[in-house]
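> Structure provided below as structure tokens; questions to follow.
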Amino acid sequence: MLLRSEDYSPTMARDLAETLEAARAATDLRMSDHHLSEGQTGTQAITTLPHALGAALKSMLIPGATSSAIPELQRDPHLRIAYKPLGAEALLSVADELITRH
């Protein structure tokens, strides 16, 4: 609801297959919780999508806890990591930064 109120058009995906399908639509930004269904992770989605689509993607990973893979991801200039709890203002700030600067 927050994203819609700010003129974003979010699409929901529960796992890697749905994420890939949604990413094929021309959207500006991918946001992912760290834990997806069936033991899959947002880290997997963020690292898999650019290879599957052949393009760099603006992404935000929103983990609740640290993971050994997360520091490795911080090298990606198209990725921001925003740890929970994440307020509305912070979420929108990170999203706007990714969309306008890259």
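Quick note: the coordinates plus some simple rules give every number you see, no bench work behind them. Bear in mind that the values here come from a model prediction, so they are computed numbers and not experimental data. Neighbour counts are summed over all protein chains in view; Cβ atoms, including those assigned to glycine, are modelled from backbone coordinates with ideal geometry.
> What is the Cα convex hull volume of the chain when expressed per residue in Å³?
Spelled out: Cα convex hull of the chain, divided by residues, is 101 Å³.
> For the chain, what does the relative contact order come out to in percent, with C-alpha contacts under 8 Å and a separation of six or more?
Relative CO of the chain lands at 23 percent.
> For n ≥ 4 DSSP H runs only, could you compute -39500 (n - 2.57) per run for the chain, divide by its residues and tell me the 222 nm figure to the nearest 500?
Theoretical 222 nm ellipticity from helices: -11500 deg cm²/dmol.
> Moving on. Which cross-chain or sequence-distant (5 or more) residues have an amide H under 5 Å from the amide H of Met60, H modelled 1.01 Å from N in plane?
Sorted by chain and number, the residues that satisfy this are Arg30, Met31, Ser32, Arg80.
> Show me 41-49, 81-89, 11-19, 54-62 ranked by packing, highest mean number of other Cβ atoms within 10 Å first.
41-49, 54-62, 11-19, 81-89
> About its Cα centre, what dipole magnitude does the chain give when the only charges are +1 on Lys and Arg Cβ and -1 on Asp and Glu Cβ, stated in debye to the nearest 20?
Around 140 debye, computed over the chain.
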